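Working notes, beginning with the structure itself.
The values are calculated or read from the model by the stated rules, or taken from the named source; none is laboratory data. Treat the numbers as computed from the prediction; the structure is a model and nothing was measured. Positions of Cβ are backbone-derived with ideal geometry, glycine not excepted, and every protein chain shown enters the neighbour counts.
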4 protein chains.
Amino acid sequence: MIRLQYSLELAYTVLTPSADFFFNFHPAFTPQQSVVQEHLSVNQAGATWQLQQDADGQRSLRLQAQSGPLQLNYQATVEMRHYSDDPESIAEVPLYQLPLEALRYIYPSRYCQSDRLAAYAYDLFGQQAPGYARAQAVCNWVQQHVKFRSNSSSGTTSAVDTLVECVGVCRDFAHLMIAMCRAINLPARFVTGTDYGADPALGPPDFHAYVEVYLGGRWYMFDPSGTAIPMGMMRLATGRDAADAAFATIFGGVTSDAPRIGVVAEHDGGQWQLPVHTRQGLSTALV
Amino acid sequence: MIRLQYSLELAYTVLTPSADFFFNFHPAFTPQQSVVQEHLSVNQAGATWQLQQDADGQRSLRLQAQSGPLQLNYQATVEMRHYSDDPESIAEVPLYQLPLEALRYIYPSRYCQSDRLAAYAYDLFGQQAPGYARAQAVCNWVQQHVKFRSNSSSGTTSAVDTLVECVGVCRDFAHLMIAMCRAINLPARFVTGTDYGADPALGPPDFHAYVEVYLGGRWYMFDPSGTAIPMGMMRLATGRDAADAAFATIFGGVTSDAPRIGVVAEHDGGQWQLPVHTRQGLSTALV
Amino acid sequence: MIRLQYSLELAYTVLTPSADFFFNFHPAFTPQQSVVQEHLSVNQAGATWQLQQDADGQRSLRLQAQSGPLQLNYQATVEMRHYSDDPESIAEVPLYQLPLEALRYIYPSRYCQSDRLAAYAYDLFGQQAPGYARAQAVCNWVQQHVKFRSNSSSGTTSAVDTLVECVGVCRDFAHLMIAMCRAINLPARFVTGTDYGADPALGPPDFHAYVEVYLGGRWYMFDPSGTAIPMGMMRLATGRDAADAAFATIFGGVTSDAPRIGVVAEHDGGQWQLPVHTRQGLSTALV
Amino acid sequence: MIRLQYSLELAYTVLTPSADFFFNFHPAFTPQQSVVQEHLSVNQAGATWQLQQDADGQRSLRLQAQSGPLQLNYQATVEMRHYSDDPESIAEVPLYQLPLEALRYIYPSRYCQSDRLAAYAYDLFGQQAPGYARAQAVCNWVQQHVKFRSNSSSGTTSAVDTLVECVGVCRDFAHLMIAMCRAINLPARFVTGTDYGADPALGPPDFHAYVEVYLGGRWYMFDPSGTAIPMGMMRLATGRDAADAAFATIFGGVTSDAPRIGVVAEHDGGQWQLPVHTRQGLSTALV
């Protein structure tokens, strides 16, 4: 089992009389991930906020702030007990048997135009035996096809752009993998977390984007950018793509500093272990 | 109140050993729309199917057919009692107060890249007073900007294409209106129905695509292509855009004939009236 | 040597008071291609036209017609004596030594966005030894990557679309090959001709689009769609891409029938031979 | 008449064994623009270069440098005597009479997809009387539609993007105006110069991009970004769009500093006058 100490500092300046913030930085509640304790403080007396939880266990904070500086400090202790399974035993679910909840993740979305990639994906993966290994093959192909480069994409960059231009950040790797999976009728979705285990050369700890594919009746994690250790990627928000699951969506005139994130894994030689790479299929999703 | 006799004939030939069909042609169940009686017949002995209903009252049919001809005949009697309100009394809901369900319809989607249209939409509608009239202004602008031409778009045509090329069919008008609304932070979504009242010169009765905007705590109908009479547009499926709400999604090798659709409104001088154009705000959505 | 009998019938109806036509259907004059005799007849008494020749030997016909039917009949006898060379002996020209005329064909154009494909092309061909064989490798790759399907593209389809969607007609194969070549700094351009040798299953004889790459101080022909026999592809127009070299550009309200094209190769067992596939590098361009 | 003192300092570091540079920073030679004296110095002993002039009077420098620092210093005295005419007297040239040289500038190019903008442009300008005033109306519309913002676009941003996103720098304004002009069959091209008269708040003196439209048998200047004084925009390179006329195209591994540009206008109360805004049609192009 994994136990993470997660801290977050956000600093903004609101330039308009007020501004609305929609945040997705709280760890989700799922059977595999629990929050032992957490604390949020907001420095602005005039700010109001509410925390909401959806049917998937995702928690969203909406906050209305007034003109002036705004700081949020959040810290939590998060425990994860991953569902884990042998890749060889994880089959694809036939289309006809997909639950409605999974079915909606085979359709194209803003950044994952799977409708346009049908032939491309079929050429690469159409002949491969269905199963976890096929999703893994998509993941590996994306990792090879795309080169990680900081600041190489923008808010309008989509899977088609990344396929063509072969460069991106973790969100772009995720979008391309999702689009390719959907193009071969594998339900796939976008998840945000934190980049535990990322090479410090890429910068300070940061939010992360990865992929879940619906296989064997469950959502399994894949990390197509290969920059983090999946076992340590605390789950935050889920969506069709980055349009749904941004860590922050802001309405109003606001300047911001880079978020400061800390994630430390406890290890005591017994119950709590450090996240490590594994070839097992892992899941933290509410089924 | 409106009472429609709806009939549908679908004819396919399955070329592969089997094929999966996901249909959205059943009228939705909402407080404003009820199905008095309905009957579905499928000609193929080997076909299996199931009908599912989601939390919004939308009904989806999934069907697995075997190689060979496949015909579906569906007929239903549908009654609609629209929620109706005076446009002047319908306000916009402040962002901060949007329910989660509405909030997810302000984000961009496959065919509605509202993120790219922010400045364009703001220039046109940013200064206008919030409310139903502003959504109507978007609708009117789309109707003026785009010219209806049959077969002028394809399955990959998006709101950005329609904005630039100024031509499309009902689905393209809907996508552009949705994108423009979201760009000014109005939740908007894609609805399919039937094109009651459409000019026969445009062809035989057909499925239709229109828009709902979340205003005053409710989803109001808009018909940006202006080709149908909204009061007669029986509600089928709802989604972020056409990616979610296609009348049929087919997996397998299949040829198809054009669907044959019939919609007849009853009128008896009393309870049942013919659909007419109205300037009232109308809604058939489950709130 | 090749001797072709080329005939063309074009039929239009001009709906506006007048219409302007810019045609590129005359065989070009180059040292490798000569027109022994030709005859053009235009059925409309009120039509005026002029034929112009540019510095590359390309001939353009501009014609102004009046309202009503318009028919053009053109026939010519064309002789081709291809420049031919051993692929192993054809080197790439270092960038620094490219003549200005060739240099302008390394820049991106409307349908060949080579600027976006730099990394993709470099991954595939960047490590390969420079020379004719590298251009041939690009040609072969395009032929494998893209599937020929009639009517699968439109007037706005570009190399990026074809790369992503893996389907197209001869013009799309040409655009993708051109974009890939430019992306590795090989000057490449678009040429139109006729599809001598095409499989009759693809339809009646038609115009064709192919590619020229500047190698060893000369423009060599490549046929990425692989649908014709290069030795029989009579040269018509040259440009950066289809935007420059359309067989007809029409201004005014006009309906048209499909052009009727005939190309017959003479063979007498002596001087005149039938076009055949060859692995030699071929050129018909004015150097 | 205008007399400018033009100076330019360029500093690079070549990281690869060698690198090729194609520069377009020399003032063009035209009947309206002459270079009284000029001097180029290159600091690198191992560098070789040559200057070429094309039929339009544009001068291109190609330079091959070795690994290590590379500095170019260029200075010139340039005299301009603009062709000037009364806008009311400048007519459009009928398509049928366009010279081949102008005709090629009505086709779409990499960054100016006029083929997609036909309906949009026709709606705005199709009914307007032909002539200089119509080109000016396009220029004014672009200036209103697009907002200038430094660093808001990238090397792949095209006219369609700028139309949709309503933001850009001078090159984007130029691309949109060119695309709109071509869409109504006005030949239009891209010209680079220097931004004499630009607001110092936008930064130090810089290269500039503007537009020429073919009217009355001559190429007239338009400055759609409105950031400079056209009379002082020394002419450098001409092309279909920025793909053709970049100030520098570099092949090899190179880092660069921002170019340092100086342009000073002489004024002596007599022969030499300061550039001023005028409503006259101006031209510096070789006809």
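Within the stretch D:112-131, is even one residue more than 14 Å from every other protein chain (Cβ to nearest Cβ) and touching a residue at least 12 places away in the same chain (Cβ under 8 Å)?
Just the residues of the stretch D:112-131 that are more than 14 Å from every other protein chain (Cβ to nearest Cβ), to begin with: D:127-129, D:131.
This time we only want the ones that are touching a residue at least 12 places away in the same chain (Cβ under 8 Å), so: D:131.
Yes, the conditions are met somewhere in the stretch D:112-131.
One line per residue, one yes/no per condition, for (1) assigned by TED's automatic domain parsing to the domain that holds A:Gln143; (2) of a type in the set (Lys, Arg):
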position: A:Ala228; (1), (2): yes, no
position: A:Leu236; (1), (2): yes, no
position: A:Gly252; (1), (2): no, no
position: A:Arg260; (1), (2): no, yes
position: A:Gly270; (1), (2): no, no
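Quick check, is B:Leu103 assigned by TED's automatic domain parsing to the domain that holds B:Glu212, of a type in the set (A, V, I, L, M) and either part of a strand (DSSP E or B) or touching a Ser or Thr at 6+ places or on another chain (Cβ under 9 Å) (or both)?
Yes.
Of the residues that make up the stretch A:29-42, is at least one within 25 Å of A:Pro17 (Cα to Cα), surrounded by 14 or more Cβ atoms within 10 Å (Cβ to Cβ) and outside the structural domain of A:Leu163 (by TED's automatic domain parsing)? Steps first, please.
From the stretch A:29-42, those within 25 Å of A:Pro17 (Cα to Cα) are A:40-42; that's our starting set.
With the extra rule that they be surrounded by 14 or more Cβ atoms within 10 Å (Cβ to Cβ), the set shrinks to A:40, A:42.
Filter once more, keeping what is outside the structural domain of A:Leu163 (by TED's automatic domain parsing): A:40, A:42.
Within the stretch A:29-42, one or more residues are within 25 Å of A:Pro17 (Cα to Cα), surrounded by 14 or more Cβ atoms within 10 Å (Cβ to Cβ) and outside the structural domain of A:Leu163 (by TED's automatic domain parsing).
Can you tell me which residue in the stretch B:139-191 is nearest to the other protein chains (Cβ to nearest Cβ), limited to those that are within 23 Å of B:Pro87 (Cα to Cα) and in a strand (DSSP E or B)?
By that ranking, first place goes to B:Phe190.
Whether any residue in the stretch B:213-227 is assigned to a helix (DSSP H, G or I), buried (at least 24 other Cβ atoms within 10 Å of the Cβ) and touching a Leu at 6+ places or on another chain (Cβ under 6 Å) is what I want to check.
No, the stretch B:213-227 contains no residue that is assigned to a helix (DSSP H, G or I), buried (at least 24 other Cβ atoms within 10 Å of the Cβ) and touching a Leu at 6+ places or on another chain (Cβ under 6 Å).
Quick one: in the stretch C:230-244, of everything that is among the aliphatic types (A, V, I, L, M) and within 14 Å of chain D (Cβ to nearest Cβ), which residue is nearest to C:His82 (Cα to Cα)?
C:Ala237
Considering every residue within the stretch B:271-287, establish whether at least one is within 14 Å of chain A (Cβ to nearest Cβ) and either more than 20 Å from B:Ala159 (Cβ to Cβ) or surrounded by 21 or more Cβ atoms within 10 Å (Cβ to Cβ) (or both).
no
Looking at (1) within 25 Å of A:Leu186 (Cβ to Cβ); (2) in contact with a helix residue (DSSP H, G or I) (Cβ under 7 Å, 6 or more places away or on another chain), which one does A:Met233 not meet, given that it meets all the others?
(2)
The rows are residues; the columns are (1) under 27 Å from D:Ala28 (Cα atoms); (2) in the same structural domain as D:Met233 (by TED's automatic domain parsing); (3) part of a helix (DSSP H, G or I); (4) modelled with pLDDT of 95 or more.
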{"residue": "D:Ala55", "(1), (2), (3), (4)": "yes, no, no, no"}
{"residue": "D:Leu63", "(1), (2), (3), (4)": "yes, no, no, yes"}
{"residue": "D:Tyr74", "(1), (2), (3), (4)": "yes, no, no, yes"}
{"residue": "D:Arg116", "(1), (2), (3), (4)": "no, yes, yes, yes"}
{"residue": "D:Asp123", "(1), (2), (3), (4)": "no, yes, yes, yes"}
{"residue": "D:Gln128", "(1), (2), (3), (4)": "no, yes, no, yes"}
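Whether any residue in the stretch B:44-53 is in a strand (DSSP E or B), surrounded by fewer than 18 Cβ atoms within 10 Å (Cβ to Cβ), at pLDDT 95 or above and among the aromatic types (Phe, Trp, Tyr) is what I want to check.
yes
Tell me, which residue of the stretch B:245-270 that is among the small types (Gly, Ala, Ser) and not in a loop (DSSP other than H, G, I, E, B) is farthest from the other protein chains (Cβ to nearest Cβ)?
That would be B:Ala265.
Taking the stretch B:58-110, which residues are more than 9 Å from chain A (Cβ to nearest Cβ), without any contact (Cβ under 8 Å) to a residue 60 or more places away in the chain and basic (Lys, Arg)?
Hit for the stretch B:58-110 is B:Arg59, nothing else.
Surrounded by fewer than 17 Cβ atoms within 10 Å (Cβ to Cβ), under 20 Å from D:Pro187 (Cα atoms) and of a type in the set (A, V, I, L, M, F, W, C): which single residue out of D:Ala133, D:Ala121 fits that description?
Going through D:Ala133, D:Ala121 in turn, just one is surrounded by fewer than 17 Cβ atoms within 10 Å (Cβ to Cβ), under 20 Å from D:Pro187 (Cα atoms) and of a type in the set (A, V, I, L, M, F, W, C): D:Ala133.
Can you find a residue that is touching a Phe, Trp or Tyr at 6+ places or on another chain (Cβ under 6 Å) and aromatic (Phe, Trp, Tyr) anywhere in the stretch B:24-32? Please lay out each step first, then the result.
First, the residues of the stretch B:24-32 that are touching a Phe, Trp or Tyr at 6+ places or on another chain (Cβ under 6 Å): B:24-25, B:32.
Within this subset, residues satisfying the condition of being aromatic (Phe, Trp, Tyr) are B:25.
Among the residues of the stretch B:24-32, at least one is touching a Phe, Trp or Tyr at 6+ places or on another chain (Cβ under 6 Å) and aromatic (Phe, Trp, Tyr), which makes the answer yes.
Could you please find all residues in the stretch D:191-201 being of a type outside the set (S, T, N, Q) and surrounded by 16 or more Cβ atoms within 10 Å (Cβ to Cβ)?
If the condition is that a residue be of a type outside the set (S, T, N, Q) and surrounded by 16 or more Cβ atoms within 10 Å (Cβ to Cβ), then D:Val191, D:Gly193, D:Asp195, D:Tyr196, D:Gly197, D:Ala198 are the ones that fit.
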